[in-house]
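*Asks:* One structure, as structure tokens, below. Some questions next.
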Amino acid sequence: MSEREDSRLALHWQILIALAVGTIAGVLINPGAIELPDENLTVSVTAMAEGNADSQPTAVFADVNDPAGLETVRRRFGSEEALLAAFPGLTDDAVGDGQTVELEVTHRSIVITETLGHISIDYSRRHNARPVTSSVKASTVDELPEHWQAIYAEHGGGVRRKLTAAAKYGGDLFLRLLKMITVPLIVTSLITGVAGLNNTSRFGAMFSRTLGYYFVTSLLAITTGIIIVNLLRPGIGADLPGGTEAVLAGGDQSLTGILLGLIDNMIPTNPLRALVDSSFLSIITFSILFGVFIIRTGGRTADTLREFFEAAFQVMMRLTMAVISLAPIGVFCFMVYATASQGLAIFGTLAWYMLAVFLALVIHAAVTLPLIVKLVAKRSPLDFARAMSPALMTAFSTASSNGTLPLTMTCVEERAGVSNRISSFVLPLGATINMDGTALYEAVAVLFIAQAYHGDVTIAQQIVVAITALLASVGAAGIPHAGLVMMAIVLQAVNLPLEAQGIIIAVDRVLDMCRTMVNVWSDSCGCAVISGFESAAAESVESAHAPAE
Ligand code: ASP
């Protein structure tokens, strides 16, 4: 154990060093984005509901007056209203006809990257403050469209661009590894967590109270995150690398439609297909049900399955740790790519993002949870926090709820005086499924990315983010960076590209330490709350029996 902790600490330092060295290397390599002068350009927008009746309105526009932007950009919109809102100046009856509108085009820059056999040119600019990025990819210069060939001839080539591209490739490989482990990790972690509950006799009431506590506090955490992200708006104006023209899902749907869609998604008609398609919501539901029915089945069958999934989970944890041990390389690559292609401005962007996550975590941990401890558990939050401090500090330094679990249990029982019956149930389950800090983090990070790509995010989309962030936090294992792996669920739910995670990986470790501390703190407070309920229930049973006796 101590050997593992040592290596975790070492990893933590490795990542910090990779971050610093990658940043410096990126600054030195920086071939620079080619900044084009800002000017007002006329963009011809053809807005139409293409093809059959169900298809979404599409705007096709070409920057005809833009020397770098003779390309055609096509964007799909959820509804005609969304399209009209995106292009002020378009009139209702223009949809279907095509119409020229004035769009203010600003912040134009071109990033050229190349690696063996690939040249890619990313052209980003803002149309009426909305970020739009288009990319051209080709194997050779000759394959590029003509006007891009001219731009390449003027600005392309060079070792610096090749190094930048190589760094991106290295970072992408790390992302692929993370994606590779996600599905088996969710399945084994969830089934093990649920099936491990074991005894079904007394725990009916405790089970529902505990789940109620997990649910309420996670939702409160997510709400705090969402409020802060709407107040600070860290993503507005942020330029994330690897831009896209993805369109947020849900913008066109009613809330009921979205929720019904989510429910549909939660019930797979074929669990195996859900696994193959990495359909996370389906996988989570099926795994929880499978775990519950392992307990219901009981006997030797349950023992065998429990043992099997526990063993598989152990292996997945080891594999995950191995992948995570590559994080310094991944972080290094991402930092080189980020600073080499974006310049240091990216830190300004990430500073706001980090501040948003941090502030929301502090509010949840220092205001909301203590209030619950005070009002529901009727204990002094300060004394309770003091009792829990060794576990909290361990959680911070290891960034692993699972790793901290033995300490959390010891603190809750020995220092805070909660019974073992409660702690042995509430804490292990909590380490797996109750992650307030992670839920909050998922919501803030995804809304940050959504803001960066699409500007402000509608309430309906925020609700989708909130619900999926809750599920992602339930599915996340209590190990370092699990939240980052699970973020795919939330990104997938709102149709954002997984690549958008690239840049926030660089600062994930620091945020992971903070959110893990909040995760463990919430589990501990859960023990205090359940213990408060249990003793109140015990008292009322006693007093109900007293007159009869
Ligand atoms: N590291 C966190 C934990 O162990 C999970 C996460 O990555 O959010 O609780």
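*Asks:* Contour minus end-to-end for ASP264 and LEU319, with contour as 0.36 nm per residue of separation and end-to-end as the Cα-Cα distance?
*Replies:* 16.6 nm is the gain from fully extending ASP264 to LEU319.
*Asks:* Using a basic spin-label model with each label point 7 Å from the Cα along Cα→Cβ, how many nm lie between LYS162 and PHE215?
*Replies:* Each label point lies 7 Å from its Cα, and together they span 5.9 nm.
*Asks:* Then there's this: Stick to the Cα atoms of segment 411-457, pair each with every other, and give me the Kirkwood hydrodynamic radius in Å at one decimal.
*Replies:* Answer for segment 411-457: a Kirkwood hydrodynamic radius of 13.1 Å.
*Asks:* Then there is this: Could you work out how much longer the chain between ILE459 and SER535 gets when fully extended? Use 0.36 nm per residue separation minus the Cα distance between them, nm to one decimal.
*Replies:* 23.3 nm is the gain from fully extending ILE459 to SER535.
*Asks:* Can you tell me how much longer the chain between VAL21 and LEU289 gets when fully stretched, taken as 0.36 nm per residue apart minus their C-alpha distance, in nm with one decimal?
*Replies:* That pair, VAL21 and LEU289, stretches by 91.9 nm at full extension.
*Asks:* What's the long-distance tail for segment 273-338, i.e. % of Cα pairs beyond 19 Å?
*Replies:* The answer is 58 percent, as a whole percent.
*Asks:* Given the Cα atoms of segment 468-527, and with Rh set as the inverse mean 1/r over their pairs in the Kirkwood sense, what is Rg to Rh to two decimals?
*Replies:* On the Cα set of segment 468-527, Rg over Rh gives 1.00.
*Asks:* Follow-up. As an exercise, find the ratio Rg/Rh for segment 407-489 from alpha-carbon atoms, using the Kirkwood inverse-distance average for Rh.
*Replies:* 1.14
*Asks:* Once the Cβ-Cβ distance between PHE358 and LEU173 is put in as r, and R0 is 30 Å, what FRET efficiency do you end up with, to the nearest 0.05?
*Replies:* 0.50
*Asks:* At 1.4 Å probe size, put LEU326, LEU19 in order of accessible surface, largest to smallest.
*Replies:* Sorted by accessible area, descending: LEU326, LEU19.
*Asks:* With no solvent and one point on each alpha carbon, what is the Debye value of log10 I(q)/I(0) for segment 376-439 at q = 0.26 Å⁻¹?
*Replies:* -1.29
*Asks:* Sticking with the crude label model, points 7 Å out along Cα→Cβ, report the distance from ALA153 to LEU326 in nm, one decimal please.
*Replies:* My value for the distance between the label points is 4.1 nm.
*Asks:* Along Cα→Cβ, 7 Å out, is where each label goes; now give me the distance between the ones at LEU371 and SER120 in nm to one decimal.
*Replies:* About 4.5 nm, to one decimal.
The values are calculated or read from the model by the stated rules, or taken from the named source; none is laboratory data. Please read all numbers here as calculations on a predicted model, not as lab measurements. We place every Cβ from the backbone using ideal geometry, glycine too, and count neighbours over all the protein chains shown. Each accessible area value is taken on the protein alone, full model and side chains, heavy atoms only, with ligands, DNA and RNA left out. Shrake-Rupley method; radii C 1.70, N 1.55, O 1.52, S 1.80 Å.
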